[in-house]
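K.L.:
Below are the structure tokens for one structure; questions will follow.
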Ligand code: NAD
């Protein structure tokens, strides 16, 4: 129709494309479709990756895209060496066109490093969460940042459920007791509870937060709460039966269990600090699979020690890999339990890897062919944020 044609012309003038009336993210290709240098920073898979080809996110298995990239005349460098000026990451970045990283072994792309990479046009996060990239600097330099949105959200939501259950049921010390050859039920049962009847809240009610609420509902909690500047749709709020609490301190003071499911950005960095923890219900459990730096590491360890927290679990750390002496490795509550920390792997199950490897390839394919990207995958488009999840701006 004439109005659709007019909309298309207006959109084209803005560098956007329309498909059935839907605005697609700007086409990302800058003109060159062959001979690009693609650099991927992935984690080392070692023996496991040789034995298990489905460990696609490892240096050894290279997201399964080497042959495909090389057949099109692109160069593909894959490394796990990412720290310091002598790392392969920092050296190769200088003439890289496309950077692939994962949140599991993040190549930290700082503003300073971006200055050393004049050819860089596209960053692809194989997974979800691009806080390891200085997004403001990417906006300024017109470097686009895409994620494989949704690729591992079920994996994480399931991990959150497991972590909540293992803290509340005091599982880890119980298993450790068994390994030590001991058997003293009362030492475990004195701090074991049920989920049923508890107040459970999610800080962040996006894709993962919603999946967690959905999975919590059948456990018959006393109430489900959420804190997010973006309210749930009326339909979701009703389906999930979750009540929004708009004040953060009020939110944390009402919850027996809190799960964090918001991205790391300037509005969430260090949000869970000694001050906020002092507003938690004494003896609350906290699960954080979002990003380690949302919590102040020392403050969480101190709260566990004093009993302000009864337990803390998650897989994300403020520095990755976490140093051997990181307080979260050994922190305990006063009964010697309450620690459910693991390395960052909730979003890299083999099922998730299949999805984020395929999603990474699709993003690259669209880029090479000059096609518009799936809007939900675009975190930073050409010179602007395309997501509302990384803070209110
Ligand atoms: P999403 O974009 O669908 O949802 C994020 C939600 O957080 C949004 O609703 C947003 O409004 C909300 N939010 C942002 N800032 C907030 C704030 N200050 N207070 C309250 N809410 C806020 O993202 P998602 O798919 O649900 O993923 C969330 C995060 O989980 C990712 O950004 C990533 O950091 C983390 N994650 C971790 C793993 C893992 O392996 N551990 C895997 C995937 C994602």
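K.L.:
How much mean residue ellipticity at 222 nm does the chain get from its helices, if each DSSP H run of length 4 or more adds -39500 (n - 2.57) and you divide by all residues, to the nearest 500 deg cm²/dmol? If you can, show how the numbers build up before the last one.
P.N.:
Numbers: 16 runs with 133 residues, N = 393.
About -9000 deg cm²/dmol.
K.L.:
With a ≥ b ≥ c the root eigenvalues of the C-alpha gyration tensor of segment 224-360, is it rounded (a/c under 1.5), prolate (a/b larger than b/c) or oblate?
P.N.:
Oblate, because a/c is 1.5 or more while a/b does not exceed b/c.
K.L.:
Here is a follow-up. Report, to the nearest 10°, how far helix 297-306 tilts away from the longest principal axis of the Cα atoms in the chain, using its own Cα long axis and a range of 0 to 90°.
P.N.:
Result, in degrees: 10.
K.L.:
Report, in whole Å, the centroid distance computed from the Cα atoms of segment 361-393 and segment 298-349.
P.N.:
33 Å
K.L.:
When DSSP assigns beta bridges and you keep just the ones with both residues in the chain, what percent turn out antiparallel, to the nearest 5?
P.N.:
Values: 7 of 51 bridges.
The antiparallel fraction comes to roughly 15 percent.
K.L.:
For helix 153-168, report the angle its Cα long axis makes with the longest principal axis of the Cα atoms of the chain; keep it between 0 and 90° and round to the nearest 10°.
P.N.:
The angle comes out at about 10 degrees.
K.L.:
Taking every eigenvalue of the Cα gyration tensor of segment 324-393, multiplying by 5 and rooting it, what semi-axes result, largest first, whole Å?
P.N.:
Each semi-axis is the square root of five times an eigenvalue, giving 38, 18, 10 Å.
K.L.:
Between residue 369 and residue 214, 0.36 nm times their residue separation minus their Cα-Cα distance comes to what? Don't jump to the answer; show the numbers that get you there.
P.N.:
Working: separation 155, 0.36 × 155 = 55.80 nm, distance 3.82 nm.
Working it through step by step, the gained length comes to 52.0 nm.
K.L.:
Provide the packing ranking of 326-336, 66-76, i.e. peptides ordered by the mean count of other C-beta atoms within 10 Å per residue, highest first.
P.N.:
Put in order of decreasing packing, that is 326-336, 66-76.
K.L.:
Would you please classify the overall shape of segment 50-166 from the alpha carbon gyration tensor, given that a ≥ b ≥ c denote the square roots of the eigenvalues, rounded means a/c under 1.5, and beyond that prolate means a/b larger than b/c while oblate covers the rest?
P.N.:
It comes out oblate by the Cα gyration axes.
K.L.:
Let me check against my output: what whole-number percent is the relative contact order of the chain, with C-alpha pairs under 8 Å and at least 6 apart?
P.N.:
Numbers: 785 pairs, mean separation 74.0, N = 393.
Relative contact order comes out at 19 percent.
K.L.:
I would also like to ask the following. Could you tell me whether segment 169-277 comes out rounded, prolate or oblate from its Cα gyration tensor? Rule is a ≥ b ≥ c as square roots of the eigenvalues, rounded for a/c under 1.5, then prolate if a/b exceeds b/c, otherwise oblate.
P.N.:
Values: a/c = 2.43, a/b = 1.71, b/c = 1.42.
Judged from the Cα gyration tensor, segment 169-277 comes out prolate (a/c at least 1.5, a/b above b/c).
K.L.:
Can you give the direction-averaged projected area of the convex hull of the alpha-carbon atoms in the chain, in nm²?
P.N.:
With every direction weighted equally, the projected area is 21.6 nm².
K.L.:
For helix 350-369, what angle does its Cα long axis make with the longest principal axis of the chain, in degrees from 0 to 90 and rounded to 10?
P.N.:
20 degrees
K.L.:
So for each of 284-295, 365-376, 184-195 I average, over its residues, the number of other beta carbons within 10 Å; can you give me the resulting order with the highest mean first? Don't skip to the end; give the middle numbers.
P.N.:
Working: 284-295: 25.2, 365-376: 16.2, 184-195: 13.7.
The packing order, highest mean first, is 284-295, 365-376, 184-195.
K.L.:
Quick one: 171, 280, fewest Cβ neighbours within 10 Å first, how do they rank? If you can, show how the numbers build up before the last one.
P.N.:
Numbers: 171 18, 280 21.
Result, fewest neighbours first: 171, 280.
Computed from the coordinates by the stated procedures, all read-outs in this text should not be read as laboratory data. Since we're looking at a predicted model, the values are computed, not measured. In this analysis, Cβ positions are derived from the backbone assuming ideal geometry, glycine residues included, and neighbour counts consider all displayed protein chains.
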